[in-house]
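Participant: One structure coming up, written as structure tokens, with questions to follow.
Throughout, read-outs are computed from the coordinates displayed, never taken from laboratory work. Here the structure is a predicted model, which is why all the values come from computation and not from measurement. Because the Cβ atoms are built from the backbone with ideal geometry, glycine has one as well, and the counts that use them run over all protein chains shown.
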């Protein structure tokens, strides 16, 4: 298996013109973002933030007005696209085809050499359809499949050629809880295998579980970018109440070298530390003072106050 | 070449399962039946009426199906987003477009064969025996026209939505049917520019070239050389239109 590539979007601007009045509309502006090799990166943002356009730039479906997109330093071309598996947000599979035909077509376009060996290609299709539990429905028309089944087929289609890059746009949409669990497991499998993953989703819990890096877009610009390493070992201590003891504890904690920040939220106080040991020792001290500790947990890159800042009301709702 | 053939195969499969396909075959059959009945009622020579009426229906059915399929194959793929996933694959846009067009032509050939079988049955039922070379050529030229109309539909679909592409193709097809007669009947007061434009259009876009009904019924004689020129004209037009379509399509962004 070839090594998972790095994808670089460098100072890309994309301007589109409306069909009728030919008004210019900038979808993405001076965007620079790197999806690192073997990492799972989240691409977040409001609707219309430019996430889908960024994905299309990476897939070569949209050409940048300015700037460039490269995969391992090479421009996006046919050879590079062979390494990518893509699962769009909405099922784009013609409803009159059967899963068998869909997979056959896909394998033929991604791995034409495999077509020469009929038995091998059939075995690959069977394995892939069995993996997503669609083998028994292989001759049913896609239009007759349930939404969840169609999503599973989209996953099978995106991964049958064993891509080293996986681009997933809202992979959980339309799936029931069991389907979501399975999808999470499949994505985790790709992550463990060291593939490069780009994940677009509005489900922050899912993104938090599956991603190493986070990139937030707003109005076509990158407004936040962080990696798991930035928060490695960081812990959050949550205290109840705003009484004197908690306030004093907060002030005292703020003077410690490993302290990151403090935040009030209603009647609670959250203290973030860069280091587990510092957080734990400080917690013990706080407990001895009679402060009620309501939480002690690692801080993720999907720290909700950061996300709140960029997502605003959408996240609160 | 491999990916192009794969796309052609899938395009053909999609069209074969398209809702228009069966009505198109039925319509082709019904038109032939009607032509058969009309020939019985007519006072003119039976075979001439069969070909005049039947050919009109055959011509209309094929060209309309080519228009619908041509726009559907490309425009609909763009609007419903299936184009997005197909072009995310390692397939060049030229391969995709040409593959789609070839699949479309295969679909038209299948429709043509099915209608021809029925036509032959009608001829046998009326004791005309098997089709002769002029009649076969008549149908072969009709197929060239279908393929040409399909190419026009593909061309418009590379940059326009379904509705616009449909109407533009329909208008272009009609223009091709009337360009020559109009150029021959321009009023004497028409200004020089108009005359030049209409005459030029009649020279480059004259679909009348593919109507051999008079030749098929023995009313008109056309030399083999002339037939070759007409067939070549059709093939060259198809090549030009598909090449221009590819040039347009290569530059387009894929946005559903």
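Participant: Would you compute, from DSSP H runs of 4+ residues alone, the mean residue ellipticity of chain A at 222 nm, taking -39500 (n - 2.57) per run and dividing by the full residue count, rounded to the nearest 500?
Facilitator: -10500 deg cm²/dmol
Participant: Under a GNM of chain B (C-alpha, springs under 10 Å), which listed residue has the highest mean-square fluctuation: B:189, B:34, B:68?
Facilitator: Fluctuation is largest for B:189.
Participant: Let me ask something else. Relative to the present Cα-Cα distance, how much length would full extension add between residue A:205 and residue A:96 at 0.36 nm per residue of separation?
Facilitator: 35.7 nm
Participant: Let me ask you something else. Which shape class applies to the stretch A:48-127: rounded if a/c is under 1.5, otherwise prolate when a/b exceeds b/c and oblate if not, where a ≥ b ≥ c are the square roots of the Cα gyration tensor eigenvalues?
Facilitator: The shape class here is oblate.
Participant: Whole number please: convex hull volume per residue of the Cα set in the stretch B:123-239, in Å³?
Facilitator: 153
Participant: At R0 = 51 Å, how high is the FRET efficiency between residue A:23 and residue B:196 if r is their beta carbon distance? Nearest 0.05 is fine.
Facilitator: 0.85
Participant: Just from its helices, what would the mean residue ellipticity at 222 nm be for chain B, if runs of 4 or more DSSP H residues each count -39500 (n - 2.57) and the sum is divided by every residue, rounded to the nearest 500 deg cm²/dmol?
Facilitator: One gets -26000 deg cm²/dmol as the mean residue ellipticity at 222 nm.
Participant: Among B:186, A:168, what is the fewest-to-most ranking by other Cβ atoms within 10 Å?
Facilitator: Placing the least packed residue first, the sequence is B:186, A:168.
Participant: Tell me whether chain B comes out rounded, prolate or oblate; compute the Cα gyration tensor, take square roots of the eigenvalues as a ≥ b ≥ c, and use a/c under 1.5 as the rounded threshold.
Facilitator: oblate
Participant: Over the stretch A:108-259, what portion of Cα pair distances is larger than 25 Å, expressed as a whole percent?
Facilitator: Cα-Cα pairs in the stretch A:108-259 separated by more than 25 Å: 50 percent.
Participant: Can you give the convex hull volume of the alpha carbon atoms of the stretch A:7-227 per residue, in Å³?
Facilitator: Cα-based convex hull of the stretch A:7-227, divided per residue, equals 131 Å³.
Participant: Hey, another quick one. May I ask for the angle, rounded to the nearest 10°, between helix A:118-131 and the longest principal axis of chain A, with both axes built from Cα atoms and the value confined to 0 to 90°?
Facilitator: With rounding to tens, the tilt is 30 degrees.
Participant: According to the Cα gyration tensor, what semi-axes, each the square root of 5 times an eigenvalue, does the equivalent ellipsoid of the stretch A:235-298 have, listed from largest to smallest in whole Å?
Facilitator: Semi-axes, largest first: 16, 12, 11 Å.
Participant: Still on this model: What is chain A's relative contact order, in percent, from Cα pairs under 8 angstrom and six or more apart in sequence?
Facilitator: 20
Participant: On a 0 to 90° scale, report how tilted helix B:93-125 is relative to the longest principal axis of chain B, with both axes built from alpha carbons and the result rounded to the nearest 10.
Facilitator: Helix B:93-125 sits at roughly 20 degrees to that axis.
Participant: Roughly what angle does helix B:46-71 make with the longest principal axis of chain B, taking Cα atoms, 0 to 90 degrees, to the nearest 10?
Facilitator: Once rounded, the angle reads 10 degrees.
Participant: As a test of understanding, state the convex hull volume per residue of the protein assembly as shown from its alpha carbons, in Å³.
Facilitator: Dividing the Cα hull volume of the protein assembly as shown by its residue count gives 203 Å³.
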